[in-house]
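Have a look at the structure below before the remarks.
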Amino acid sequence: MLDPHELYELTDDLPDLGQPVLIQALTGFVDAGNASRLAREQLLTSLEARTIATFDLDQLFDYRSRRPIMTFVEDHWESYDAPKLELHLLHDDDGTPFLLLTGPEPDVQWERFVAAVAGLGARLGVRL
């Protein structure tokens, strides 16, 4: 079995988080009324966010079924909108830290991904 901890890279300079809450706001085909997208965008634009963990999306994402947006200029590919799966640290208006998991739902290795998120939660002292 592949080690779930190898799916992500955690920043070295973590502050004391206490016992934060983790909000899962992954993108997927089930998002009634775009509620998850709207909440995620509101949190990321209205509060200062710091990325504390990044996932190796190449192991989890099927680029053939969900191709990222690519920009073609005249005669060459100029850029593409690379998908990211990240764990952000934010603070509410009272200064209480919380975590926000953003990015596309994995297409493969769900059990490994769940184990990685659960391991991160335990390591960071997530209470909910």
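For the chain, which whole-number percentage of the solvent-accessible area (1.4 Å probe, protein heavy atoms only) is attributable to carbon and sulfur atoms? Please report the intermediate quantities before stating the final value.
On the way: 4290 of 8340 Å².
With neighbouring chains kept in place, the figure for the chain is 51 percent.
With contributions of -39500 (n - 2.57) from each DSSP H run of at least four residues, the per-residue ellipticity at 222 nm computed over the chain stands at -6500 deg cm²/dmol.
Seen against the Cα atoms of the chain and their longest principal axis, helix 35-46 is set at about 70 degrees. Amide H of ILE52 versus every other amide H placed in the peptide plane: which residues, excluding those fewer than 5 positions away on the same chain, fall under 5 Å? Placed amide hydrogens put LEU87, HIS88, LEU89 under 5 Å from ILE52.
Temperature 4 °C, viscosity 1.567 mPa s: under these conditions the Stokes-Einstein estimate for region 40-128, based on its Kirkwood radius over C-alpha pairs, is 86 µm² per second.
Between ILE23 and LEU99, LEU100, LEU101, the built amide H atoms are under 5 Å apart, and every one of these is 5 or more places off in sequence or on another chain. As a calculated quantity, the FRET efficiency between ASP81 and ALA32 at R0 = 25 Å, using C-beta atoms, amounts to about 0.55. Projecting each Cα onto the charge dipole of the chain (Lys/Arg +1, Asp/Glu -1 at the beta carbon, about the Cα centre), which of TYR63, PHE29, ALA82 comes out farthest on the positive side? The residue sitting most towards the positive pole is PHE29. If the elastic network links every pair of Cα atoms under 10 Å, which of ALA82, ALA53, ALA118 fluctuates the most in the Gaussian network model of the chain? Highest fluctuation among the options: ALA82.
The values are calculated or read from the model by the stated rules, or taken from the named source; none is laboratory data. Everything numeric here is computed off the predicted structure, so don't read it as measured data. Here the Cβ is made from the backbone with ideal geometry for all residues, glycine too, and neighbour counts use every protein chain on show. For the accessible areas, the whole protein counts, side chains as well, though only heavy atoms, and no ligand, DNA or RNA atoms are used. Shrake-Rupley method; radii C 1.70, N 1.55, O 1.52, S 1.80 Å.
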